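In what follows, a structure is listed as C-alpha cells, so that the remarks can point back to it.
Derivation of every value follows stated rules applied to the coordinates shown; laboratory data play no part. Only a predicted model underlies this, so the values are computations on that prediction, with no experimental measurement involved. Using ideal geometry, Cβ is built from the backbone for each residue, glycine included, and neighbour counts are taken over all protein chains shown.
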Amino acid sequence: MSTLVVASIGPASSVQDGGRFGAQRYGLTPSGAMDKLSLAAANSLVGNAPLAAAIEIGPFGAAFTAKGGAVRVALAGASRPADIAKRPVELNTTVTLADGETLTLGFARGGSFSYLAIEGGIDGEPLFGSLSVNARAGLGSPYPRPLQAGDTLAAKPASDRPERRITLPATASGPIRVVLGPQDDEFTDEMKALFLDGEWKISGTSDRMGYRLEGPAIRHMHGHNIVSDGTVDGSIQVTGSGAPIVLMADRGTSGGYPKIATVISADFGRLAQTPAGTAFRFKAIAMADAQAEARKFREQIAGLPDHVGEIENVELRLEALMTANVAGHAVSATDVGTWQAVTSG
Amino acid sequence: MSPANVFEVMADVLPPPRLLPSGDSAITVEFSRTIDETANRKVLALDRALVDAAITGITETVPTYRSLLVHYDPSVIAYDALGAQLLALATGPLSLAGKTRRWRVPVHYGGADGIDLEDVAKALNITPDEVVARHVAGQYRVAMIGFTPGWSYLSGLDPSLQMSRRQSPRLLTPAGMIAIGGIQTGIQCLAGPSGWHILGRTPIRTYQLHREPTFLLEPGDEVTFYAVDAKTFIAQDQAAEAGAIIAEQVAA
C-alpha cells in the first residue's frame, strides 16, 4: 500500500477539510482550512471533492516521502519553493512521487498556508463529519494534533492519468471587506472610521484561533466587557487594550468582547493568507453585496474542477469558455483571468 | 421551573428583540444586553421554536445567555428574508413547553480539587462548609455552552456567592473544574485558562469522545450538585474515564 510519510514539518501544519459543523452549541468550534479556496484548488487538481481533507502547511518548510508505492499530490495556496530531488515542482499542479521520492517544500512566500492534497484523499475516521484537527478538543484524524515528522498517511496508489494544472479564476484584491456588526453600536462613528480608514498589520503572535491586529487603538463606548455571545469565522473583537482580534478557524464559539465588524466569507481566506507584518485595510460593504459575494465564492469553489486541465492542454478548455459565454460574461480567450467558474446552477 | 408552569407563555417584559448582522452567513437575535433570566429563557424557547419551524437554509444555532446565533447558508436564504422570519418568531408568544432534563452532578469540594474554596470563604466571611452548603443548595440551569467543548455556564447562583472574577486569570486549570465567577457558576470540561474561583471538581465529562452521547448537557438542562468525598471522586472519575455517565438524570 502507498503511504505518504511526513519527513519533516514545521508548526501550524495539520490535516484540515471544510470544517466540522453542527456542534457549536456545545462549544465545539468548526476548525477547517484557513483558506478554503486553496484547499479546493488542491483537491480539484487530484479529483477529490473540493472540501475534502488535505494537509494544511503553515509558513515553515516541510518534506513528504512516498513509501510503499507511488503517490500523486497537488500543491496550492501560498507559493513556496518546492522540488523533488532538485526537480522544481510548480504551485497549482499535480506531481507524482515515485516510491522513495521526497517532495521538499520551503518557506511560504506572499502567504501563510499551502495545501497538499493527496489523490484519493486522506484516510481517517470523521468525527462530526470532519477529519479536521482541533488539538484543543483532541479531535482530528488520522492524528488529533498538528502533524509531526514520522507521521504516516495512507494513500491510494497514484493513477496513471496525466499530470494536471489548475488555472485559478480571478479573485478579489484590495481591502478586506467586512459587514459592520454585531456590536458596532458599542463604538462611536469616529472609532468606526478609525477602524475602517486605519492601516492594519497582523501580529506575529497570531494563530489558527485568532489574528491579532496592530494599528490604531479602537476605544469602546461602554467598556470592553459584554455578556458573551456567539462568534463566527471572521468576527472582529476589540479587546480591552483597543487592539482588534479577528477570530479564525479555531475560534472559541463564544466571546465576551464587543465585535465591531465581521470579515465577509469570500475574503476570510484572503485575510488568512495575509502574512504577518504586511499592511492592509478594511472596507465596509452592504449586507446584500456581502451575500452576493458569498454566493459567488461558493460557486467559484464548486466550479474549480472546470479550471483543471492536463498540463499541456489547459488553454483548450472550450467547454468552460462556452459555458462562461452563455452566462453572458465578457471572456477573453487569451486572458484566463476573465474566465468564469462554471456553476452547477 | 415546576411542572405547573411548563406551558406558561412568557410575559413580554424585555425591550423588543434586535437582529444583529454577524457576517454574511449568521444573524444574532438579541433579547437583552445583560445577563437576564427572562432573556435566557426566550433564547432557549426561540431555539426550540426554530427546530419546529424548520426554516430552509438554517445550518445550526448557538444559544447564549442573551442571544441566539443563527448560522445559515446565504445561497439558500437571504438576510432580509430570514431576519423577518426570526423577528416574527422572536416577538411572538414563545412557549416554554418542552421537556426539561434535570441532572444531579457529584462534586468533590475543597482541597487540591477546590483550591479557591478557602479564599472564597474568607472573602465572603463565612466558613468553607457554608460556601459548599449554599452551592449545593442551588437549582441551576445550563444558560449556554461555549468557549471550549462542554464548558457549561449555569445560571441560578446564590446571590451571596456572587463575586468578581480573579484579577489575573490562571493559564491552566484542570478538567472538571466547578467554579464561580460573577453571577455564574460553571462546569469546565477540558483543562484550560480560567479567571473563575475554583470550588471543586466533578468526575463527570460533559464532553467525551466515543461516548454516547458525546455531549452530556444541553442548553436549558437543569442541574443540581451534591458533595462527594475524595475516595468517591476517584472511583467515579475512573468509571467516567471508562465512559460511564456518572451524572444521574432525575425526573424533572
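Spin-label pair residue A:21-residue A:145: with each label point 7 Å from Cα along the Cα-Cβ axis, the two points sit 3.1 nm from one another.
Return B:132, A:179, A:133, B:76 ranked ascending by Cβ neighbour count within 10 Å, so the fewest neighbours appear first.
Working: B:132 20, A:179 24, A:133 28, B:76 14.
Exposure proxy ranking, most exposed first: B:76, B:132, A:179, A:133.
Cβ crowding within 10 Å ranks A:173, B:155, B:75, A:38 as A:173, B:75, B:155, A:38, fewest other Cβ atoms first. Taking B:114, B:200, B:57 in turn, the Gaussian network model of chain B (Cα-Cα springs below 10 Å) assigns the largest fluctuation to B:57. Residues B:148, B:206, ranked from the fewest to the most other C-beta atoms within 10 Å, line up as B:148, B:206. Taking amide H as placed 1.01 Å from N in the peptide plane, the amide H of residue B:228 sits under 5 Å from that of B:107, B:108, B:109, each at least 5 places away or on another chain. Only helices enter the 222 nm calculation for the protein assembly as shown: every DSSP H run of n ≥ 4 contributes -39,500 (n - 2.57), and dividing by all residues gives -6000 deg cm²/dmol, rounded to 500. Just checking the listed ones, B:225, B:215, B:233: in the Gaussian network model of chain B with Cα springs under 10 Å, the one fluctuating most is B:215.
Working note: Cα atoms of chain A, range along each principal axis, descending, whole Å: 63, 49, 35. Running a GNM on chain A with Cα contacts under 10 Å, which residue among A:97, A:39, A:116 ends up with the highest mean-square fluctuation? In this elastic network of chain A, the residue with the biggest mean-square fluctuation among A:97, A:39, A:116 is A:97. For region A:58-189, the average shadow cast by the Cα convex hull is 11.9 nm², which is a quarter of the hull's surface. Which of rounded, prolate or oblate describes region A:145-282 when judged by the alpha-carbon gyration tensor and an a/c cut-off of 1.5? Verdict is prolate for region A:145-282. Hydrophobic long helices, here whole DSSP H runs in chain A with Kyte-Doolittle means of at least -1.0 and Cα atoms spread over 18 Å or more along the helix axis, are found at A:287-303. Could you tell me what fraction of 2.2 N^0.38 Å the Cα radius of gyration of the protein assembly as shown comes to, as a two-decimal ratio? Dividing the Cα Rg of the protein assembly as shown by 2.2 N^0.38 Å gives 1.03.
Report the relative contact order of chain B, percent, no decimals, based on alpha-carbon pairs under 8 angstrom and at least 6 residues apart. Normalised by residue count, the contact order of chain B is 20 percent.
P(r) for chain B, from all Cα pairs and a bin width of 5 Å, is 1, 6, 13, 16, 17, 15, 12, 10, 6, 3, 1, 0 %, short bins first. Taking label points 7 Å from Cα along the Cα-to-Cβ direction, residue A:60 and residue B:52 give a separation of 5.5 nm. Calculated FRET efficiency, residue A:203 to residue A:152, Cβ-Cβ distance, R0 = 41 Å: about 0.75 to the nearest 0.05.
Scanning chain A for trypsin sites (Lys or Arg not before Pro) that sit in a DSSP loop and have at most 15 other Cβ atoms within 10 Å, the longest stretch containing none of them is A:87-218. Note: relative contact order over region A:106-248, using C-alpha pairs below 8 Å and six or more positions apart, is 14 percent. Grab the other residues whose beta carbon is less than 10 angstrom from that of residue A:126, score K and R as +1, D and E as -1, and report the net. So the environment of residue A:126 carries a net charge of -1. For region A:190-308, relative contact order (Cα pairs under 8 Å, six or more residues apart, normalised by length) works out to 27 percent. Summing +1 for each Lys or Arg and -1 for each Asp or Glu, what net charge is found among the other residues whose Cβ lies under 12 Å from the Cβ of residue A:292? Its environment carries a net charge of 0. Please work out whether region B:134-215 counts as rounded, prolate or oblate from its C-alpha gyration tensor, where a ≥ b ≥ c are the square roots of the eigenvalues and a/c under 1.5 means rounded, while otherwise a/b larger than b/c means prolate and anything else oblate? Since a/c reaches 1.5 but b/c is at least a/b, the shape of region B:134-215 is classed as oblate.
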